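Taking it in order: structure first as structure tokens, then the write-up.
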Amino acid sequence: MVEYRIDRHSGVATYLQIVQQTKQALRLGMLRPGDKLPTAREVVEATAINPNTVLKAYRELERDGLVDARRGVGTFVRRGLSTAPADSPLRTELDEWATRAHTAGLDRDDVSALFTAVLDEHFTADHGEPSTDRTSNAGSNTGSTGSTGTTHDKHSDQHSDQHSQGDPS
């Protein structure tokens, strides 16, 4: 069963933290179809949050088609999101990398920023699919990198040219 950890200082709404943690458990295979989520009462007792917050999170998961609420019985996982099980070789490699990063003196925020930057380079924000621009140009040096380390493409250069010429688009 999943145990929710609420970070009151994260700036992320409590119900979204529950949604995100449930989806993470589904992706990692920690929750599988048929598994029962903790009751609202159990979550409230463990986290000291309002029961309506738990119910709001569960309703969102239900709208996403991930869980089914059964009145008087509980909330059950309908389908998983798992594509890479928690015991996959990729998970092991990532764990080893995180250990090396920590040993090298990076803190959690440094590791998160670095990992997010790499994800942004390899995946599109809207579909989670590998980015064709980055993966197809791997090994070739077609983009120019500025002093900030960001890659400029024709679209962004064209966009900035339009703004410098007074084009409002």
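The values are calculated or read from the model by the stated rules, or taken from the named source; none is laboratory data. Here the structure is a predicted model, which is why all the values come from computation and not from measurement. Positions of Cβ are generated from backbone atoms using ideal geometry, with glycine treated the same way; all protein chains shown enter the neighbour counts. Keep in mind that these areas ignore ligands, DNA and RNA; they rest on the heavy atoms of the full protein, side chains included. Shrake-Rupley method; radii C 1.70, N 1.55, O 1.52, S 1.80 Å.
Just wondering, is there one or more residues in the range 37-55 that are hydrophobic (A, V, I, L, M, F, W, C), closer than 18 Å to residue 21 by Cβ, open to solvent by 80 Å² or more (accessible area, probe 1.4 Å) and in contact with a Pro (Cβ under 8 Å, 6 or more places away or on another chain)?
The answer is yes; a qualifying residue exists.
Which pairs turn up if I take residues in the range 57-83 that are aliphatic (A, V, I, L, M) and look for partners that are open to solvent by 40 Å² or more (accessible area, probe 1.4 Å) and not in a helix (DSSP H, G or I) with beta carbon separation below 7 Å, at least 6 apart in sequence or on another chain?
Pairs found: 66/78; 66/79; 67/78; 77/32; 77/33; 77/34; 77/35.
Do we find a residue being free of Cβ contacts under 8 Å to residues at least 12 places away in the same chain, among the small types (Gly, Ala, Ser) and farther than 25 Å from residue 109 by Cβ anywhere in the range 27-47?
Taking the range 27-47 as the starting set, the residues that turn out to be free of Cβ contacts under 8 Å to residues at least 12 places away in the same chain are 41-42, 44-45.
From what is left, the residues that are among the small types (Gly, Ala, Ser) are none.
The answer is no, given that none of the residues of the range 27-47 is free of Cβ contacts under 8 Å to residues at least 12 places away in the same chain, among the small types (Gly, Ala, Ser) and farther than 25 Å from residue 109 by Cβ.
Looking only at the range 24-65, how many residues end up being under 24 Å from residue 91 (Cα atoms), under 16 Å from the mean Cα position of the chain (by Cα) and modelled with pLDDT of 95 or more? Quick ask: steps written out before the conclusion?
Initially, the range 24-65 is screened for residues under 24 Å from residue 91 (Cα atoms), giving 24-33, 35.
With the extra rule that they be under 16 Å from the mean Cα position of the chain (by Cα), the set shrinks to 24-30.
With the extra rule that they be modelled with pLDDT of 95 or more, the set shrinks to none.
Counting residues in the range 24-65 that are under 24 Å from residue 91 (Cα atoms), under 16 Å from the mean Cα position of the chain (by Cα) and modelled with pLDDT of 95 or more gives 0.
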